[in-house]
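So the structure is just underneath, and the comments pick up after that.
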Amino acid sequence: MSLKNSQQPARQRPGGPMGRGGHMMGMPVEKAKDFRGTLTRLTKYLKPEKYRFIAVFFLAIASTLFSIVGPKIMGKATTKLADGVLAKYAYFTKLYMAIQENMPAAVVNNLKKQPIPGFDFGYIGKILLLLVVLYIFSALCSYVMAYIMSGVSQNTVYRMRNDVKDKLDRLPLKYFDQRTYGEILSRVTNDMDNIATTLQQSLTQLITSLITVIGILIMMLSISPLMTLIAVVTLPVSMLITMQIAKNSQKFFAAQQKCVGELNGHVEEMYAGHKIVKVFGHEEDSIEKFKEINARLYGVGWKAQFISGIIFPALNFVNNIGYVLICVVGGLLVAHKKIEVGDIQAFIQYIRQFTQPIIQVANIANVLQSTVASAERVFEVLDEEEQVPDSEDAKVIEFPQGRVKFEHVKFGYKEDTPLMDDLSIDVKEGSTIAIVGPTGAGKTTLVNLIMRFYEVQGGRITVDGVDIRDMKRGDLRAMFGMVLQDTWLFNGSIRDNIAYGRDGATEEEIISAAKAANADHFIKTLPDGYDTILNEEASNISQGQKQLLTIARAILADPAILILDEATSNIDTRTEVLIQRAMANLMKGKTSFVIAHRLSTIRDADLILVMNQGAIIEQGSHTELLAKGGFYAELYNSQFTGASA
Amino acid sequence: MVKIFRFLKPYIWNLFWVIVFLFAQAIAELYLPTLMSEVVNNGMMKGDTGYIWKYGSYMLLVALGSSFCSIVGSYLSSITGMGCGRDIRDSVFSRVESYSLNEFDKIGTASLITRTTNDIIQVQTLLVMGLRFMVFAPIMCVGGIIMAYSKDKQLTLILAVVLPVMLILIGTLATVIVPLFKAMQIKLDKVNLVLRENLTGIRVIRAFNRLASENQRFEAANRDLTDNAIRVNKIMALIQPAMIIIMNLTSIAIIWFGGHRISQNIMQVGDMMAFIQYAMQVMFSIIMVTIMFVMVPRAQASAARINEVLEVEPGIKDPPESIMSDSQRGHVEFRDVTFSYPGAELPAISNISFNASPGEVTAIIGGTGSGKSTLINLIPRFYDVDSGSVLVDGVDVRQMNQKDLRAKIGFVPQTPVLFSGTVAENIRYGKADATDEEITHAAEVAQASEFITALKDGYESMIAQGGTNLSGGQKQRLSIARALVRKPGIYILDDSFSALDFKTDARLRAGLKKETTTSTVIIVAQRVGTVMDADRIIVLDEGRIVGMGRHKELIVSCNVYREIVSSQLSEEEIA
């Protein structure tokens, strides 16, 4: 279990170490298998937020439109200024000419009497005031839009996360046994995070970018179709350059990713096997190999960085060409009085704003791809086949006696490799069943079947005569108590961990359970007693103490049937004695399935089940099995009379 | 962070040129609006088309120059940043490989892996980005202000008002949002924690019918995370509109005040247009620097972690003059050895003395925490003793070259560690120049040949990382074969049969016995059956030797041994 646990979410996401914020251009993108289907499904998730979406949509349009009109209006102010300059210039030229050409004094005087053409600051002021209003309004819209979106995206993801958790609760154990925890965790956190960010940023960006492009195009056309043509021609050039470079850099990014993977793999292996590397004197080989991979990583890494770094200057250059052409052509147009100076200023602002949203749209396409891939992984979980639902008219055993029967049970983890073909066991109430066999013989298989973590493929299992499939899983499991070697405790106080055994247990019950489990003493020696919080790995108490807590938990639950694992390999002898006694306390008068390691337990058991390679190969009492001279006898002899080997 | 910059030293000239080229680029970018203003003032306003063409081609040249500088700068910063990352990685990895187990345990495997991989990538990214933007943006910012100032001194006052407002706004938002971001990580971890607990404890949770309460726990954590994220997003929602409005209002202000200055003949229209562009360039570069600064704290934390690794000196070093042991082969002696782990109150083992000679089997038995593994870890000098000495072939291990010492030892760890590669490669790990015959022989003795030949590609079958495609028992047998192929003077087997079934265990021990007649064998064991026929059994309890001798002797003389035996064997078997 711990091995599985250590495989943390390690999947490298596109964008790598920079996270989503810095999605580098030219990086390879993960693609969804069924893009359209997943997207429609994702859209369905957004349905409850429909009205907000509509609001956001209109706000986005409003905000963008208002900001797009801005430069054009601002241009008018500039034009007015230029007009003023020109008028003044014209006036003084006229006057100067008049004086130069020795016009009659009356003419000169008349000219002088005319007011010096001034600047129409009233008009300019009005325009600027209008602009202030427009910009503030636009900013307000864009703020409200982002504000609404923040709730939309997070609440959607909140619901999705809960749905996945609910789904996980209904999935059969088979699902979890086949996957690493890291894989499942990554879907609930990383993938969800990816979806949230996209909803928050990219969706509104997509809307505003599209509107911006269209709006700017219209505004530019309204200024000068010729200049717009120039601007639009530079566009495919920039696109072509971006795509070409991106294609090249993707190659290097892929190679880089591969090198990073290789390097990480080597580091993980060498560090995990540090002791072995040292004791076999392989430090130098290991460093040499590391340096070799590292050098390769550098070789592709700088190229990837460099080439993706070229995109920006190259685009900038194309932009600048456009900019210069606009200045030249625009200048000529102004000179010929076809357009006004302010238009040039507006146009320059437009063309500067033009490429940005186009690049953004292209980028969003990538982001969407990876988001849909994330969503697909989440939906995959939601689509997994669930366990058989509890039957409606479920039976309840009110006073369980603890008689367990296997009748012709057929089972295998894989359909085609049966482990149990026709297993029948009859366990009388209050008796003890010892399960023995080498490590990895599949002793948990029995637990899986009795607790109905897995479904039998044939025959049936009954408790007190009732087929376990006719009971609610909850009611069935309430009859059992489990103490396994894999002591699962959660990040909470010791009291809460014991109380886990039964809802609404009183303080006295908890303490007396701890006493019966021989745990009371050590708990009291802890700094906070029963309120001591177990840390994440529960590493602040020893393995043996953990085991005692799980026994206390089972005692508190007071079940009719027990499933115990005697394996205490990681526990010091003193604690082991405590555990033995506590288990004996627990087993009194109850049907117990014991995964047995102690000879005394095995010999005193009412029934011994011998397991090997996942299957029950022999069953009977100690003497019966010895007399049989089969696997058990051999096992027994090799284990307990080792000297003869 | 500053300490990590020492890795930039070999790239000092690169750095110099990066700055030169970025500086040139900035100047070119800043020159463009001025050229444009000339075009407006002297070309457009006067209708001089020749002037427009002439200055237009100047602008094109300047733009070309700017792009060229930028590409060269990008090239230099890529090779510098990535090269620096490579150098840091090399030195971190080499340093870690030189660590003794002591330093290794102190930082922890998982943490060391992150430090060697992710943390360095973090720093490397900052370097590459920083070289490109963090150098460029300030130049643009200062240059933009200078150019604006040169266009019109008084109009620059607008910037003097706007820029502080902008900085204060950014500062305030940052102080509000940074703690929220930190809280975000904590809350995300909490969701992860609850979910991980739910996954690891799935059997227990289902067995105890606690799905409902677990769901509550998850939903609470989820809600908490969501609420925090919404709060962050709501503040983030402010940033973009605020920045845009500041920029737009600045433009409006420039036109208004600039207009008045034009009317007073102090300024020309083209200059005002250039001024607006400069103001924008300045503000953009400030935003750029801010974004960069978001990356700094993360990289800083990474850099600190990397430095920590580099600063830890390996505690075990080869002596300046090593002594090669004489002809003896495989003699191990402990002389009154006491050892405690760093920081521990009590020694892990104390006053251990014993002698093990070739041809003998020494077994060590005792409860968990009694110091069995600690004891054997001292032989290959994974740790250094506090007092007393460990001698191999008559020489104190501290006086030997580590490599020479370990070449004498065939070590089989408690949990088998295999490396990705073929089966043969893994066995050959014990002896680089082992022949195929030696490898098959070692595998046979280790009872591994049977399952190896059953694999698809036999000895050439690939083993996945961590050996996940083999069972525990198979891994253990390969790890034993790896030690066997060395034919060492000393075998150390640390509870290495635990995953084997009893039959294989017995066969393996019989095979080993034949193989190790001239070697010293030291076995740590849990099963009494494994140790019963050893030449010497050492019984450890709480780090001390409480009994030493043969099975028959100990059963009479040693209480602890009797306890262990009686828990495993029945009365008649003991007798």
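Laid out as a table, the results:
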quantity: Shielding by partners, peptide B:92-101 (average Cβ within 10 angstrom, other chains); calculated: 5
quantity: Charged-residue dipole, Cβ positions (Lys, Arg, Asp, Glu), the protein assembly as shown about Cα centre, Debye nearest 20; calculated: 5300
quantity: Whole-number Å³ per residue for the convex hull built on Cα positions in segment A:381-519; calculated: 184
quantity: Area projected by the alpha carbon convex hull of segment A:393-470, averaged over all directions, nm²; calculated: 5.8
quantity: Rounded FRET efficiency, nearest 0.05, which uses the C-beta distance separating A:Thr40 from A:Glu292 and R0 of 41 Å; calculated: 0.30
quantity: Antiparallel bridge percentage (DSSP; both residues within the protein assembly as shown; nearest 5); calculated: 50
quantity: Candidate lysines for bridging to B:Lys54, where Cα separation is under 24 Å - those fewer than 8 sequence places away on the same chain excluded; calculated: A:Lys337, A:Lys338, B:Lys46, B:Lys151
quantity: Residues of segment B:34-59 with amide N under 11 Å of a point placed 7 Å along Cα→Cβ from A:Tyr89; calculated: B:40-48
quantity: Modelled FRET efficiency - R0 30 Å, B:Gln185 with A:Gln369, Cβ distances, 0.05 increments; calculated: 0.65
quantity: Dipole in debye (nearest 20) - segment B:3-311, about Cα centre, beta carbon charges: Lys, Arg +1; Asp, Glu -1; calculated: 560
quantity: Relative contact order [Cα under 8 Å, 6+ residues apart], chain B, whole percent; calculated: 14
quantity: Sorted peptide list for A:92-102, A:401-411, A:615-625, A:183-193, criterion being average Cβ within 10 angstrom, highest first; calculated: A:183-193, A:401-411, A:615-625, A:92-102
quantity: Positive-pole candidate from B:Ala446, B:Ala464, B:Leu493, dipole of segment B:332-574, charges at beta carbon; calculated: B:Ala464
quantity: Spin-label zone in segment A:446-463 - amide nitrogen under 16 Å from a point set 7 Å from the Cα of A:His408 along the C-beta vector; calculated: A:456-462
quantity: Model label zone, B:Gln216; criterion: amide N under 15 Å from point 7 Å along Cα-to-beta-carbon; scope segment A:501-516; calculated: A:501-506
quantity: Approximate spin-label separation B:Arg223-A:Phe137, in nm, with each point projected 7 Å along Cα-to-Cβ; calculated: 4.1
quantity: Computed magnitude of the charge dipole of segment A:427-502 (debye, nearest 20; Cβ of K, R +1, Cβ of D, E -1); calculated: 60
quantity: Whichever lysines have a C-alpha closer than 26 Å to that of A:Lys515, once near sequence neighbours (fewer than 8 apart) are set aside; calculated: A:Lys524, A:Lys546, A:Lys588, A:Lys590
quantity: Sequence ranges B:449-460, B:23-34, B:392-403, A:338-349, ranked by mean other-Cβ count within 10 angstrom, highest first; calculated: A:338-349, B:23-34, B:392-403, B:449-460
quantity: Reachable lysines from A:Lys443, criterion Cα separation under 17 angstrom, eight or more residues apart if same chain; calculated: A:Lys174, A:Lys410, A:Lys414
quantity: Spatial extent of the protein assembly as shown: Rg and Dmax, with the Cα atoms as the point set, Å; calculated: 39.0, 146
quantity: Chain A, relative contact order in percent, only Cα pairs under 8 angstrom and at least six apart counted; calculated: 15
quantity: Size descriptor, Kirkwood hydrodynamic radius, that averages inverse alpha-carbon separations across segment B:332-574, Å; calculated: 18.6
quantity: Cβ-based charge dipole, the protein assembly as shown, positive-most Cα from A:Asn612, B:Ser479, A:Gly75; calculated: A:Gly75
quantity: Equivalent ellipsoid semi-axes - Cα gyration tensor, chain B, angstrom; calculated: 72, 29, 22
quantity: Relative contact order (%) - segment A:200-328, alpha-carbon pairs under 8 angstrom, separation at least six; calculated: 41
quantity: Shielding score for B:256-267, defined as the mean number of other chain Cβ atoms within 10 Å; calculated: 4
quantity: q = 0.14, 0.15 Å⁻¹, segment B:296-455: log10 I(q)/I(0) [Debye, one scatterer per Cα]; calculated: -0.95, -1.03
quantity: Between segment B:523-561 and segment A:79-140, the alpha-carbon center distance in angstrom; calculated: 110
quantity: Computed Rg/Rh of segment B:1-144, alpha carbon atoms with Kirkwood Rh; calculated: 1.26
quantity: Chain A: DSSP helices with Cα axial extent of at least 20 Å and average Kyte-Doolittle hydropathy no lower than -0.5; calculated: A:50-100, A:121-170, A:203-223, A:225-272, A:283-335, A:341-383, A:543-557, A:573-587
quantity: Over chain A, volume per residue of the alpha carbon convex hull, in Å³; calculated: 251
quantity: FRET E, pair B:Asn355, B:Asp318, Förster distance 35 Å, beta-carbon r, rounded to 0.05; calculated: 0.85
quantity: Rounded to 10°, Cα long-axis angle of helix B:436-445 versus longest principal axis of chain B; calculated: 60
quantity: Residue among B:Ile107, B:Tyr75, B:Val96 farthest towards the positive dipole end of segment B:74-113, charges placed on Cβ; calculated: B:Tyr75
quantity: Difference of contour (0.36 nm per residue) and Cα-Cα distance, A:Lys47 to A:Thr417; calculated: 128.7 nm
quantity: Non-local Lys pairs in segment A:227-301, i.e. 8 or more apart or on different chains, that have alpha carbons under 24 Å apart; calculated: 9
quantity: Values of log10 I(q)/I(0), in the order q = 0.06 Å⁻¹, for segment B:3-311 under a Debye, Cα-only, solvent-free model; calculated: -0.35
quantity: Residues B:Trp13, B:Trp53, sorted so that the one with the fewest Cβ neighbours within 10 Å comes first; calculated: B:Trp13, B:Trp53
quantity: For segment B:284-309 and segment B:230-246, distance of Cα centres in Å; calculated: 22
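Any read-out appearing in this document is the output of simple, stated calculations on the displayed coordinates, not a laboratory observation. Small disclaimer: the values here were computed from a predicted structure and weren't measured. Virtual Cβ from ideal backbone geometry, glycine too; neighbours counted across all protein chains shown.
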